[in-house]
Structures are given as C-alpha cells and as structure tokens.
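The values are calculated or read from the model by the stated rules, or taken from the named source; none is laboratory data. For clarity, every value in this text was computed on a predicted model and none was experimentally measured. Methodologically, a virtual Cβ is constructed for each residue, glycine included, from the backbone with ideal geometry; neighbour enumeration extends over all protein chains shown.
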C-alpha cells in the first residue's frame with residue numbers, strides 16, 4: 001500500500017475511491033468505467049497541481065518519503081558489475097555509507113553513497129543513513145583509490161546528517177568529515193555528486209564537494225534540518241515549516257544561489273511514485289556531467305572545483 005504524506009490526503013481519498021470502484025467493476029456488479037476514468041483524471045490533475053506548488057516544508061517531507069529510491073536501487077538500475085569495498089582499514093565498516101567499483105554506461109567509476117534502508121531491520125543496519133567516522137574514512141579510502149587508478153567518482157547523498165552519538169565523537173567525527181571534504185577537493189579525477197533525498201549538514205558535504213552537484217527536484221540540501229534550526233531559533237521543532245522557508249533548502253533556491261549546478265526533474269508526484277523513471281533520469285544526468293568533465297586533466301579538474309567553491313565565498 002502506498003504511503004501518503006499529510007498534504008496528500010485529498011489525493012489519497014480519491015485513489016481509495018478509485019480502488020473501491022475497481023473492485024466493484026471487477027465483481028461485475030456495475031459498469032462504472034466512465035466514473036473511474038473521471039476520477040482518475042481528477043486525481044491526476046490534483047496530483048499535478050499539488051506538486052507544482054509544494055512549500056519548502058512539503059518538499060522536505062517528500063525528500064524523506066520512505067519509498068523514494070535508495071542507494072541500492074540506483075546501483076541495481078545504473079551500475080553493472082558492482083563490487084562493494086568495505087571498511088576503513090582502521091576501525092570498522094560503516095553500513096550507512098556504501099561504496100565500490102562498477103561500470104555506469106560502460107564507464108568505470110567509483111560509486112559512494114548513503115543508504116538509509118527501506119524497512120525497520122535495514123534502517124537499523126544502515127543507521128538511517130547517518131554515518132560514523134569510519135564511514136567517512138571509508139569514503140576517503142575509496143576516493144584515494146579512484147585517484148590512483150584515474151577513475152571518476154560518483155556520490156549519491158541521502159542523509160539527515162552525520163551520526164551525533166558520543167562514540168562517534170570519541171572516534172573523531174568532526175575530523176573525519178573535514179578530511180573527507182578535503183579529499184573531495186583534492187581529487188584529480190572528476191567528482192559528480194547528486195542529492196537524491198536529504199542532504200544534511202557536514203554529513204552530506206563530506207562526499208559532495210564535487211565538480212558538479214545535482215539535485216533531484218524534490219530533494220533538500222541544508223546545513224541543518226528544519227527541525228534543528230527551529231529548535232535553536234524558536235526553542236521548538238513545531239516551527240520547522242517556517243525554518244524550512246527561511247533556510248532556502250529546495251533545489252530551486254539552491255540553484256539560484258549557485259550552490260548546486262543542475263536540477264533533475266522528478267516524475268509527477270515525486271520519485272517515490274515512479275522510482276524507475278526517477279533513477280533513469282538521474283542516470284542520464286550523471287552520464288552527461290561525467291562526459292563534460294572527462295576531457296579535463298587532473299590539474300584542470302582541481303582548478304575547476306577550486307574556482308567553483310571560491311565563487312561561493
């Protein structure tokens with residue numbers, strides 16, 4: 001059964017009514033195909049209109065939708081011969097960040113990304129996409145491997161932020177994030193990042209300080225969550241919607257500010273409604289960005305990245 005967000009209640013009611021009518025029609029009790037077609041048209045129009053005017057807070061809810069495609073879905077659809085590489089060679093393997101080698105459209109790449117999980121067990125296994133220091137140190141190891149063998153890096157960002165637990169702090173969370181960000185900037189190979197859900201704080205930028213940063217249309221990218229911002233400014237998370245508006249977390253705002261380079265359109269109703277279409281669209285955009293960066297020398301790759309971020313200062 002599909003999961004509907006709070007603002008989708010009218011759509012949910014229409015789709016429930018359509019489902020009921022289909023059951024009646026299949027039972028042969030009445031010929032109600034015309035009514036079903038009318039309601040389907042109304043539902044499609046309502047869905048289109050609703051998603052055309054989403055508020056920043058509603059986009060935040062869409063970005064967190066549990067049925068949005070996750071890292072494993074992108075790997076399954078876009079990457080051939082994926083070989084995951086585990087561990088940071090120092091402490092442990094962190095399942096919140098997954099990475100490895102593979103081919104994307106025939107091109108050899110190193111892929112790194114957050115995995116949130118899609119059910120209770122997997123979410124606990126992947127710590128809801130909140131990486132610990134060993135996750136960022138694994139990312140550093142993979143980026144260094146890519147640099148050594150001249151392979152472009154693709155990173156898929158989907159995290160509410162780095163894990164804030166005491167043990168993570170004891171193992172050097174802030175230092176690991178800083179080192180991972182530094183490694184992104186030092187790469188002599190192209191790095192293309194895509195925000196596919198949430199891009200939260202340093203936990204996101206640690207693998208997204210890229211030559212080209214893409215965002216799915218209904219993703220968000222910010223220095224802190226709207227709830228966290230509201231808790232600091234108003235001492236209550238109930239002001240999260242106001243915080244989201246003020247923080248300019250949406251793809252449109254960030255493109256206008258120059259923080260990201262490209263917005264990848266999602267199917268009507270969000271990536272969670274038509275995940276295969278969303279994954280394919282992102283795959284095409286990633287390939288185009290890699291093609292554009294492929295002719296650059298290591299020095300030019302670093303220079304382009306340096307100029308990009310200095311321009312934001």
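Name every residue in segment 69-110 that is assigned to a loop (DSSP other than H, G, I, E, B) and closer than 18 Å to residue 123 by Cβ, in order of residue number.
Within segment 69-110, the subset assigned to a loop (DSSP other than H, G, I, E, B) is 69-70, 85-96, 105-106.
Of everything in segment 69-110, those that are assigned to a loop (DSSP other than H, G, I, E, B) and closer than 18 Å to residue 123 by Cβ turn out to be 69, 70, 93, 94, 95, 96.
Return the residues of segment 282-313 that are in a loop (DSSP other than H, G, I, E, B) and either at pLDDT below 95 or in contact with a helix residue (DSSP H, G or I) (Cβ under 7 Å, 6 or more places away or on another chain) (or both); say none if nothing qualifies. Show your work before the answer.
Let us first name the residues in segment 282-313 that are in a loop (DSSP other than H, G, I, E, B), namely 294-297, 311-313.
Passing the criteria: 296, 311, 312, 313.
Any idea which of 271, 244, 230 is in a helix (DSSP H, G or I), more than 27 Å from residue 301 (Cβ to Cβ), in the same structural domain as residue 142 (by TED's automatic domain parsing) and touching a residue at least 60 places away in the same chain (Cβ under 8 Å)?
244
Just one of (1) at pLDDT below 95; (2) in contact with a helix residue (DSSP H, G or I) (Cβ under 6 Å, 6 or more places away or on another chain); (3) closer than 23 Å to residue 73 by Cβ; (4) assigned to a helix (DSSP H, G or I) trips up residue 279, so point out which.
Failing condition for residue 279: (1).
Report whether or not residue 41 is touching a residue at least 24 places away in the same chain (Cβ under 8 Å) and surrounded by fewer than 14 Cβ atoms within 10 Å (Cβ to Cβ). Outline the logic, then answer.
On the way: touching a residue at least 24 places away in the same chain (Cβ under 8 Å): no; surrounded by fewer than 14 Cβ atoms within 10 Å (Cβ to Cβ): yes.
So residue 41 does not fit the description; no.
If residue 147 satisfies every condition in (1) closer than 26 Å to residue 286 by Cα; (2) at pLDDT below 95 but one, which is the exception?
Condition (2) is where residue 147 drops out.
Report yes if residue 306 is assigned by TED's automatic domain parsing to the domain that holds residue 146 and surrounded by 16 or more Cβ atoms within 10 Å (Cβ to Cβ), otherwise no. First the steps, then the outcome.
Details: assigned by TED's automatic domain parsing to the domain that holds residue 146: yes; surrounded by 16 or more Cβ atoms within 10 Å (Cβ to Cβ): no.
Considered against the rule, which asks whether it is assigned by TED's automatic domain parsing to the domain that holds residue 146 and surrounded by 16 or more Cβ atoms within 10 Å (Cβ to Cβ), residue 306 comes out as no.
Have a look at 86, 77 and point out the one that is touching a helix residue (DSSP H, G or I) at 6+ places or on another chain (Cβ under 7 Å) and touching a residue at least 40 places away in the same chain (Cβ under 8 Å).
It is 77.
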